Amino acid sequence: MIRAVIVINDQGKPRLVKFYDYQPVEKQQEIIRNVYGVLCSRAENVSNFVQDSTFGPDTRLVYKTFATLFFIVIFDDSENELAILDLMQVFVETLDKCFGNVCELDIVFNFNKVHTILDEIILGGQVVEMSSSEVVKALDDITRLQKNPNSIVRVPKSISGWQGR
Amino acid sequence: MLLLTLLLRSVGFYFFTSSIQNPESNNSYTAKLEQLKTIGRELAMGSQGGFGQSKEFLDLVKSIGEARSKSEEDRIVLHEIETLKRRINEPDIPKRKMKEYIIRLVYIEMLGHDASFGYIHAVKMTHDDSLLLKRTGYLAVTLFLNEDHDLIILIVNTIQKDLKSDNFLVVCAALNACCKLINEETIPAVIQQVVELLGHQKEAVRKKAVMALHSFHQRSPSSVNHLISNFRKKLSDNDPGVMGATLCPLYDLIAIDVNPYKDLVASFVNILKQVAERRLPKSYDYHQTPAPFIQIKLLKIMALLGSGDKKSSEQMYTVIGDIMRKSDTASNIGNAILFECVCCISSIQPSPKLLETAADAIAKFLKSDSHNLKYMGIDALGRLIRINPDIAEQHQLAVIDCLEDPDDTLKRKTFELLYKMTKSSNVEVIVDRMIDYMISINDSHYKTETASRCVELAEQFAPSNHWFIQTMNKVFQHAGDLVNPKVAHNLMRLIAEGFGEDDDAADSQLRSSAVESYLKIVDDPKLPSAFLQVICWVLGEYGTADGKYSASYISGKLCDVAEAHSSDDIIRAYAVTALMKVYCFEKSAGRKTSLLPECQLLLEELSASHSSDLQQRAYEFRAILDLDANAVENIMPLDASCEDIEIDKSLSFLDNYVHKSLEQGAEPYIPENERSGTLNISNIINRNPYEHPAHSLRFEAYEVPKLVVPTKLSPAVTYPTELVPVPEPSYQPTVSSGPVSDAGSGSGSTELRLRLDGVQKKWGKPAYSSAASSSTSNIDSQRTTVNGATQPDNVTSKSREPRQPHVEVSEEKQKLAASLFGGRTARPERKQSGSAAGHSKVSRTTNHGEDKAQPTTVTTAVQPPPPDLLDLGESSGAASSYSSTVDPFKQLEGLLDLSQDGHAVTTTTGPDLMSLYSGASTNGQNQNQNLNPLLNEKDNMNGAPNPSNRTASLTKGPSLKDALDKDALVRQMGVNPTSQNPNLFSDLLG
C-alpha cells in the first residue's frame, strides 16, 4: 500500500502532501522535514530508492527530481519500487498534459486540481490507473461538468486577465 | 524555490509596484518585462481548468515564497490565519469566495499550521449542490480530518445522499471520501449503497466502489466479512480496470490466509496470460507494456498462492516463463515486471528451468549501470539465495562493487544480502565490514539494526572465542547505547555457559580471553553502561579464575571503574559485587586476603550512599569480611553463576518457628484475600471511581444540582480533548470536572493513585528475558540443510565462470571476493550438535568452492586497464553532448552577473532545447525510441551509457570551466541564460 505522496521543492517547502493514513499536522511536518533531510544528503547519480523507517520497518521511499521539485512516494512491501518510479512518471506526465509545460507554480496555485489528478491515479493507497490519457479524460469530465452554467461562476480570468492578453 | 521567488518578485514588481522594491528588479527592467510575458502565459495555462485563484491567494503564496526565514514564514501564515478566522465567519460569504478560503486553509495546513477553526466550513461545503464546491469540500475534509474526528458524523449523511446521486461524478467524489473518512462505526451507514454501486454501469464508479469496500475491510474486517464474495465476483468484471482494482483487496485477503483462494489460481494464471498476450485494450498499455500494475499484482498474488504448493506452482510455470521471455528489459516498467517474476519464482515451488532464467535476469540487473537496477538485482539475489545459495558466487564482484558504492541505499541492501549469506567461512569479513559501516553511520535506527545483526552473526558463526570477544567489544564500544540490553545479558550468559559443548577447556579459554580483552579496554571513559556492567560481572566472576591476574590487580581495576563512573549507580553496584566476589574467591581458596585501601575507601563511601541498593551491597560486603572461609565459600561458590538457585517457596524452614508461635497462642495467618473484616482500600482505589458503589452515596450528595450528568458521564469523558466545539460544547467542561470534585476530599489522591496503578502492574510482571540464544540455533540448522541440498547448481555456476574475466578488478577486491564467496567451509556446529548428515555434505561443497575461487582470482587480476580509467574516457568523449536533467541555468546563477540579463531574449526556448536533447539522447544510444525520449532520459536505464548521468556528474562541484562551457553552449542555442526561465518543465517533458 502507498502510504504517502509528497511533493516538495528543493528548499524543502511542501507543495503537495497527501497521506493515505491520517497523520496529525505536526507528524506530517516532521516526516516532510526528515524526508527532505534524507534527500539532501543523497548524492547525485545514485538510486532513486531510500529505505525508510517512517511507517515501520518495511517501508520504502522512492523519489524523483523534476526541475526544482522532488516527487516522493512512501510505500510498503506490497509495491514494486521500479513500478512506483514509473507511476511518478505517469503523474508528472498527466500534470504536464493538464497544465501544458507544468512548472512548480502550477502545482502551487492549482493544488486542488493536482489532488484531483492524484486521486484518479491512487485511491486509498492503491494504484488504480496507470494511463495518463485515461486520467486526463476523467479530469475533462469533471471540468466539463463544472463549467456547466448551473454551477458557480468562475473566478475571472485570473493572471492572464491582468496581463491584458 | 528561488525560481518561484524571483518569478513572484517580478510579478509583484509589475503589478504592485508600491509593495516591492528590490534591487534586482531595478537593474534589469527590460528583461523583466519580457520575462513577465512568459510568466503570464505560464500562469494562464496553469489556470486553464477553471481552478484560478484570487489575487489574495497569489499574494499569500508570494509572500511566503519570499520569506527569508522560517519565523518570517510563520508570521505571515499566522497573520493569514487571523485574517481567515475573521473573514470565514462573516455572514453571507459568496460561495466561490468560501471555496477559496477553504483552499487557503488547506494550504496553511500543508505548511504545518493548525487550520482546525475552518474544518466546519469545509464540512458545510460538502453539502453544496455544485460539483466544484462539493469536490473542494470533500478534498478539504479528506485532508483535514481523520476517520475518528467528531465532524465525520456530519459528513456521513452527505455521503449517503451523494452515493445515491444520478451524477456519476458526484458518486465518485463520495466514494473517494469513503475511502478516507468512514470508520468502523459508520461503515454500516454506507456499506449497503457501496455494495450496490459495485454493479453501477460506469466502470469508474465500480472501480471506486471496490476500493471503498477494500478500505472498509482494512479498517474493520469483521464488518465486511460477509461481503468478501463480492471481490471474487468482481474479478470477472468486464472492465479490466475494475478487475485490476479487485486484485488489491484480494492480495490483502490472500496475504492473511491463502487457503480459501487456492481455487482461484487457474483464474489468476489465465488473467495474467491474457494480459501478457496483449488481449487488453490499448489504453491499458503503459509504454508498450500491457497493464503493468495488474501484472505485478498478479505475480505478487501468485507468489503467495504458490508458496509451498507444488500443484498450484506447476500451473504458473508456463506463464511466468512466457512473461520473462517477452519482457522488455530496456524499459523501467519491463524490469519491474521482470523483478516481480524473480520474486515469484523464488517464492513458489522451485522449478529448475525458471530458476535459471531468474539467475540470468539477476545477472542482467547487477551488470547494469543503473543504480536502481543494481538495487533490484541485490534484492532479487537475496530472495533467490534462499533457494540456491550458490547463485551469489557468480555475482561476487558485482556484490562487492555495490558494497563500496557511494549510494547508501544500495549499500544497505547489500549488507542485508551479506547478512543472509553469512556462513562461518566468511563471517569474519562480513561482520568486520558491517562494524565498519556501523561506525560510519549516524542513523540510530539503522545503527541499532546493524549492531544487533553483528551480534547475531557473531554468536552464530564465530570461528574463535578470541574473535567473538573482540567483535562484541567493538560492537559495544561503538553502538553500546543502542544495543538491546538483552544482548549484554546474553553475552554474560554466553561467557558463563560457554558455547553449550561439554568442553571445559574451551569455556575457560573463552573466559580468559574475555577477561584479558576487558582489562585492556576497561579504562576507556566512553564505554556504554550496559557494556561496563558486563565487564564488571565478568571480571568479578572470572577475573582471577585462570590465575593470570592477581586479585589485587583486578580489584584495583574494579575500584577504578567504580570511581570513574560515580554517577552511575548500576555500574557501581556491579563493581562492588564484583569486588565482593573477587574477595570471596580469594578467601575460600585459602589465600591471604586483604582489602586494597581504595577498596576500603569505596566501601566507606558507599555505606553512606544515597542509594539504598549501594548501601546494602556495601554493608553485605562488610559483613562478609568478618566471616570465615567456610561460610564465605557457601555464600559465594566459585563459578556457580549457572547453578540454579533453589527457592523454597513454601518457606518450610520456618515451619518450626510458626509452630512454636502458634503453641504460644499467636493468631494463625489469614491470607490477604480472605481478610474480609478490614475494608480493602487498595481495591477501591484501583477501581474506576465512577463505577464504584462505595462512592455512590457521596456522589449523589454532591450531584444534586445537575442530576442528568451521571448517566452521561462515561461517554462524555472518553471524548478526545481537542474536540471541536460543535453543538453542545457549553457543558463539556462541567462534565469533565464534575466527577473530580464529586469525589470530594479523596479526589486528588484518587487520580494520583490511578496513574500509579498502571505502573505497578507493569513492575509486577516478572520481566526476565527468556533464553534468546536458543532461537538462533534453528536458523543455523535450517541453513545447513539448504546449503547441502543444492549441489547440482554448482555445475552451472562453474561453467559460467569463464565469462567473467573481462571485468577487471583490483587485487583488493579479489581478495575480498575470495574471502566472502570463496572458501565455503562447513559451519562448525558450535551450539547444536544436530544435522550431522547435512554437515558432511557441506564440507564437500567447500572444497569445490575453494578450488574454483582460486583460478578466477588469477585470470582477472592479470587484465590491464583498471575500470575507472575506461569509464573516464568514455564519459569525457560524450560529455559535450549533454542533456539537461538539471536545469543548466540554475548552475550558472553564481557565475552570471546581472548585466547578462540584458541579452537578447528568445522566448521560444522550448522547441530548440527539445530538439537538442532528443538528438543527444540518440547519440547516447538510448534505445527506447518508441517512447518519448525526453521522458525517458530521466530513468537512466540499463546498459547504454546515459547522457543524463554524465551531466549530473558534471554539475557536481563548482567547476568554473564546465559552467562556462555550458554557458557558451546555451548561448549558441539562443537561450537567455537567466535563472528565471519559467519553462523548466519543457526541458523535461516535451
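Filtered by the rule that a residue be over 13 Å from A:S47 (Cα atoms) and surrounded by fewer than 23 Cβ atoms within 10 Å (Cβ to Cβ), the range B:401-414 gives B:D401, B:L403, B:E404.
Of all residues in the range B:439-478, those satisfying the criterion of being within 14 Å of chain A (Cβ to nearest Cβ) and part of a helix (DSSP H, G or I) are B:S440, B:S444, B:H445, B:Y446, B:K447, B:T448, B:E449, B:T450, B:S452, B:R453.
In the range B:313-343, the qualifying residues are those that are open to solvent by 10 Å² or more (accessible area, probe 1.4 Å), away from chain A (no Cβ under 14 Å) and not hydrophobic (A, V, I, L, M, F, W, C), and the one that is nearest to B:V269 (Cα to Cα) is B:Q315.
Here is a yes/no grid of residues against (1) crowded, with 21+ Cβ neighbours inside 10 Å; (2) closer than 24 Å to B:L151 by Cα; (3) at the interface with chain A (Cβ under 10 Å from one of its Cβ atoms):
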position: B:C178; (1), (2), (3): yes, yes, yes
position: B:E185; (1), (2), (3): no, yes, no
position: B:L197; (1), (2), (3): yes, no, no
position: B:V210; (1), (2), (3): yes, no, yes
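May I ask you to verify whether B:L264 is modelled with pLDDT of 90 or more and over 21 Å from B:Q218 (Cα atoms)?
Values: modelled with pLDDT of 90 or more: yes; over 21 Å from B:Q218 (Cα atoms): yes.
Yes, satisfied.
Here B:A359 meets the list (1) closer than 17 Å to B:A380 by Cα; (2) within 12 Å of chain A (Cβ to nearest Cβ) almost entirely, failing just condition (2).
Have a look at B:L558, B:L494 and point out the one that is over 24 Å from B:P463 (Cα atoms), open to solvent by less than 20 Å² (accessible area, probe 1.4 Å) and in contact with a helix residue (DSSP H, G or I) (Cβ under 8 Å, 6 or more places away or on another chain). Even if it seems obvious, please write down each step before you answer.
Values: B:L494 fails: over 24 Å from B:P463 (Cα atoms).
Testing whether each residue is over 24 Å from B:P463 (Cα atoms), open to solvent by less than 20 Å² (accessible area, probe 1.4 Å) and in contact with a helix residue (DSSP H, G or I) (Cβ under 8 Å, 6 or more places away or on another chain) leaves just B:L558.
Among the residues of the range B:495-508, are any modelled with pLDDT of 80 or more and part of a loop (DSSP other than H, G, I, E, B)? Within the range B:495-508 (the criterion being modelled with pLDDT of 80 or more and part of a loop (DSSP other than H, G, I, E, B)), the answer is no, since none of the residues qualifies. Scanning the range B:125-134 for residues that are touching a residue at least 12 places away in the same chain (Cβ under 8 Å) and either facing chain A (nearest Cβ under 7 Å) or surrounded by fewer than 18 Cβ atoms within 10 Å (Cβ to Cβ) (or both) turns up B:H127, B:S130, B:L131, B:L132, B:L133.
Considering only residues in the range B:450-466 that are farther than 19 Å from B:A496 by Cβ and hydrophobic (A, V, I, L, M, F, W, C), the one that is nearest to the chain's Cα centre (by Cα) turns out to be B:A451. Residue count for the range B:215-259, restricted to those that are more than 21 Å from B:A303 (Cα to Cα) and part of a helix (DSSP H, G or I): 19.
For the range A:55-64, the condition of being at the interface with chain B (Cβ under 8 Å from one of its Cβ atoms), modelled with pLDDT of 90 or more and open to solvent by less than 50 Å² (accessible area, probe 1.4 Å) holds for at least one residue.
Looking at this structure, is B:S661 part of a loop (DSSP other than H, G, I, E, B) and modelled with pLDDT of 85 or more? Before you say what the answer is, go through the steps one by one.
On the way: part of a loop (DSSP other than H, G, I, E, B): no; modelled with pLDDT of 85 or more: yes.
For B:S661, the condition - part of a loop (DSSP other than H, G, I, E, B) and modelled with pLDDT of 85 or more - is not met.
Of the helices (runs of 4 or more DSSP H) entirely within the range B:367-418, those holding at least 1 residues that are more than 19 Å from the chain's Cα centre (by Cα), more than 14 Å from chain A (Cβ to nearest Cβ) and β-branched (V, I, T) occupy B:391-394, B:396-403.
Would the range B:104-120 turn up any residue that is over 22 Å from A:I32 (Cβ atoms), out of contact with any helix residue (DSSP H, G or I) (no Cβ under 9 Å at 6 or more places or on another chain) and either more than 13 Å from chain A (Cβ to nearest Cβ) or in a helix (DSSP H, G or I) (or both)? Before you say what the answer is, go through the steps one by one.
Step one: list which residues in the range B:104-120 are over 22 Å from A:I32 (Cβ atoms), which gives B:117, B:120.
Those still in the list that are out of contact with any helix residue (DSSP H, G or I) (no Cβ under 9 Å at 6 or more places or on another chain) too: none.
Looking through the range B:104-120, none of the residues is over 22 Å from A:I32 (Cβ atoms), out of contact with any helix residue (DSSP H, G or I) (no Cβ under 9 Å at 6 or more places or on another chain) and either more than 13 Å from chain A (Cβ to nearest Cβ) or in a helix (DSSP H, G or I) (or both).
For the range B:135-155, enumerate the residues that are assigned to a helix (DSSP H, G or I), facing chain A (nearest Cβ under 10 Å) and over 19 Å from A:R15 (Cα atoms). Don't jump to the end; show me each part of the working.
If we filter the range B:135-155 for residues that are assigned to a helix (DSSP H, G or I), which is where we start, we get B:135-144, B:152-155.
With the extra rule that they be facing chain A (nearest Cβ under 10 Å), the set shrinks to B:135-136, B:138-140, B:142-144.
Scanning the range B:135-155 gives B:R135, B:Y138.
Looking at the range B:344-358, which of its residues are farther than 13 Å from B:R325 by Cα and open to solvent by less than 10 Å² (accessible area, probe 1.4 Å)? Once the filter is applied, which keeps residues that are farther than 13 Å from B:R325 by Cα and open to solvent by less than 10 Å² (accessible area, probe 1.4 Å), the range B:344-358 yields B:C344, B:I345, B:I348.
Could you list all residues from the range A:105-119 that are modelled with pLDDT under 90 and either open to solvent by 20 Å² or more (accessible area, probe 1.4 Å) or not in a helix (DSSP H, G or I) (or both)? Result: A:N110, single match. When each of B:N259, B:N238 is tested for being out of contact with any strand residue (DSSP E or B) (no Cβ under 8 Å at 6 or more places or on another chain), at pLDDT 90 or above and surrounded by fewer than 13 Cβ atoms within 10 Å (Cβ to Cβ), the lone residue that passes is B:N259.
Is it the case that B:S368 is within 23 Å of B:D407 (Cα to Cα) and out of contact with any Phe, Trp or Tyr (no Cβ under 9 Å at 6 or more places or on another chain)?
Working: within 23 Å of B:D407 (Cα to Cα): yes; out of contact with any Phe, Trp or Tyr (no Cβ under 9 Å at 6 or more places or on another chain): yes.
When the stated conditions are applied, B:S368 passes them.
The residues of the range B:66-96 that are within 14 Å of B:G137 (Cβ to Cβ) and open to solvent by 50 Å² or more (accessible area, probe 1.4 Å), listed by number, are B:K95, B:R96.
The values are calculated or read from the model by the stated rules, or taken from the named source; none is laboratory data. Only a predicted model underlies this, so the values are computations on that prediction, with no experimental measurement involved. Cβ: placed from backbone, ideal geometry, glycine included. Neighbour counts: every protein chain shown. Only protein heavy atoms, including side chains, enter the accessible area calculation; ligands, DNA and RNA are left aside. Shrake-Rupley method; radii C 1.70, N 1.55, O 1.52, S 1.80 Å.
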